[in-house]
Amino acid sequence: NIIEDLNNYHQNNFNQSLLRKFFKKKEIKLGFYLVGDVGVGKTMILNFFFDQLNENKLRLHFNEFMIEFHNFIFENKKKENGINLFVDNLSKKAQLIYFDEFQVTNIVDAMILGKLFKEIFEKNIKVIFSSNTKINDLYKDGLQRDQFIPFIKILENNSYEKELIIEEDYRSSK
């Protein structure tokens, strides 16, 4: 049940005593990746979950986020460790990021995501994703996909992947 899975994700990441966090550290995953067909209600469910949280949070379409990232890197091109600076800046704004409609189609983004998300998870930023594509199928036929595989492993190791299966497209029902 997706609602129970989100509740467990919330309990593990936001409602823990220091002692419980210490003992459960190895099991906690900072990401929640909800995959499903178009129109099954992924965005509706995650919007509801997101809106209930009181943490500092950001909701972005993934493409917007990557544009912000590339602009930041361009504006700070003379500085070393651009990814670290970007994630440091991000961590000051949000404990949780929600990427709606997560997909990877751009080779430039594909080559950067491993380092970027490794840093995001190391900074203890929680991330929820809605996507039409399973983690293992991201950037499936993309150029130099072998260089993208480390990002897939980072996402798999740091995220609960759940699939929402509903037969009806709720966007077209009356």
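About its Cα centre, the dipole of the chain is roughly 800 debye, where the only charges are +1 on Lys and Arg Cβ and -1 on Asp and Glu Cβ.
When all protein chains stay in place and ligands, DNA and RNA are ignored, the 1.4 Å accessible-area order of 55, 101, largest first, is 101, 55. A probe of 1.4 angstrom, applied to the heavy atoms of all protein chains, finds residue 61 with accessible area near 70 square angstrom. Accessible area per residue was computed with a 1.4 Å probe on protein heavy atoms; residue 141 scores about 150 Å².
Placing +1 on the Cβ of every Lys and Arg and -1 on the Cβ of every Asp and Glu, with no other charges, gives the stretch 106-172 a dipole of roughly 340 debye about its Cα centre.
Sorted largest first by accessible area at a 1.4 angstrom probe radius, with every protein chain in place, the residues 129, 48 fall in the order 48, 129. Structure note, pairs 77/115; 77/153; 92/118; 92/126; 57/140: Cα-Cα distances above 20 angstrom occur for 77/153; 57/140. Of the residues 44, 66, the one with the largest accessible area comes first in the ranking 44, 66, computed with a 1.4 Å probe on protein heavy atoms. Taking the accessible area of the stretch 1-128, probe 1.4 Å, and keeping the other protein chains in place, the carbon and sulfur fraction comes to 50%. Rounded to the nearest 5, the antiparallel percentage of DSSP beta bridges internal to the chain is 0%. Please state the shape class of the stretch 65-135: rounded when a/c is under 1.5, otherwise prolate if a/b exceeds b/c and oblate if not, all from the C-alpha gyration tensor. Oblate. In the full protein context, the chain carries 60 Å² of accessible surface per residue, based on a 1.4 Å probe and ignoring ligands, DNA and RNA.
The values are calculated or read from the model by the stated rules, or taken from the named source; none is laboratory data. These numbers come from a predicted model, not from an experiment. Neighbour counts are summed over all protein chains in view; Cβ atoms, including those assigned to glycine, are modelled from backbone coordinates with ideal geometry. Side chains are part of the model used for accessible areas, which takes the heavy atoms of the whole protein and leaves out ligands, DNA and RNA. Shrake-Rupley method; radii C 1.70, N 1.55, O 1.52, S 1.80 Å.
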